[in-house]
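Participant: I have a structure here, written as structure tokens, and I will follow up with some questions on it.
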Amino acid sequence: MSGQRGGLAELIDTFFSTLRDNMIQLMDQSSLHGQSGQSTNNAPPSGAPGSARIKCLSAKMAQLRPFDDADGRLRSRLLEAYPPARMLVNVLATTSQLLSRLAQQVFWLKFA
């Protein structure tokens, strides 16, 4: 958490994109298993032939805005809340280092 803001917005976008892909993959698997009567919990590997189909369906679903404004609202709230939290973590880390150095100097002055 400490350091720069980094790609927080990209992280949120990736989360919702992956969530959308996984939802479509699960719906696709359940429709296939419903037709064949088989059930398995194994997801196909990412290089499977159906993965291009899943990506295409996911891209089309993204245009329909499946999460409405939830992803945008979450992004704005996190971007609003993250800087103060990051600042607190950085201040606590700096304070810890400062107190450690101060304690070392007091120790050396007392026992030198």
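Residues checked against (1) at pLDDT 85 or above; (2) assigned to a loop (DSSP other than H, G, I, E, B); (3) exposed (fewer than 10 other Cβ atoms within 10 Å of the Cβ); (4) touching an Asp or Glu at 6+ places or on another chain (Cβ under 7 Å):
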| residue | (1), (2), (3), (4) |
| --- | --- |
| 11 | no, no, no, no |
| 22 | yes, no, no, no |
| 25 | yes, no, no, no |
| 33 | no, no, no, no |
| 40 | no, yes, yes, no |
| 48 | no, yes, no, no |
| 56 | yes, no, no, no |
| 88 | yes, no, no, no |
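Participant: Among (1) at pLDDT below 85; (2) part of a helix (DSSP H, G or I); (3) under 24 Å from the mean Cα position of the chain (by Cα); (4) not polar (S, T, N, Q), where does residue 5 come up short?
Facilitator: (2)
Participant: Report, ordered by the first and then the second residue, all pairs with beta carbons closer than 6 Å, sequence separation of six or more or different chains, a first member in the range 69-86 that is in contact (Cβ under 8 Å) with a residue 40 or more places away in the chain, and a second member that is of a type in the set (Val, Ile, Thr) and surrounded by 11 or more Cβ atoms within 10 Å (Cβ to Cβ).
Facilitator: If the second residue must be of a type in the set (Val, Ile, Thr) and surrounded by 11 or more Cβ atoms within 10 Å (Cβ to Cβ), the pairs left are 75/12.
Participant: If you don't mind, another one. Any idea which of 78, 74, 64 is at pLDDT below 85 and touching a Leu at 6+ places or on another chain (Cβ under 7 Å)?
Facilitator: On the way: 74 fails: touching a Leu at 6+ places or on another chain (Cβ under 7 Å); 64 fails: touching a Leu at 6+ places or on another chain (Cβ under 7 Å).
Criteria check complete, one pass: 78.
Participant: Okay, moving on. Name the residue, out of 100, 96, 51, that is within 23 Å of residue 18 (Cα to Cα) and of a type in the set (Gly, Ala, Ser).
Facilitator: On the way: 100 fails: within 23 Å of residue 18 (Cα to Cα); 96 fails: within 23 Å of residue 18 (Cα to Cα).
From the options 100, 96, 51, the qualifying one is 51.
The values are calculated or read from the model by the stated rules, or taken from the named source; none is laboratory data. What you see is a predicted model, and the numbers here were worked out from it, not measured in a lab. Virtual Cβ from ideal backbone geometry, glycine too; neighbours counted across all protein chains shown.
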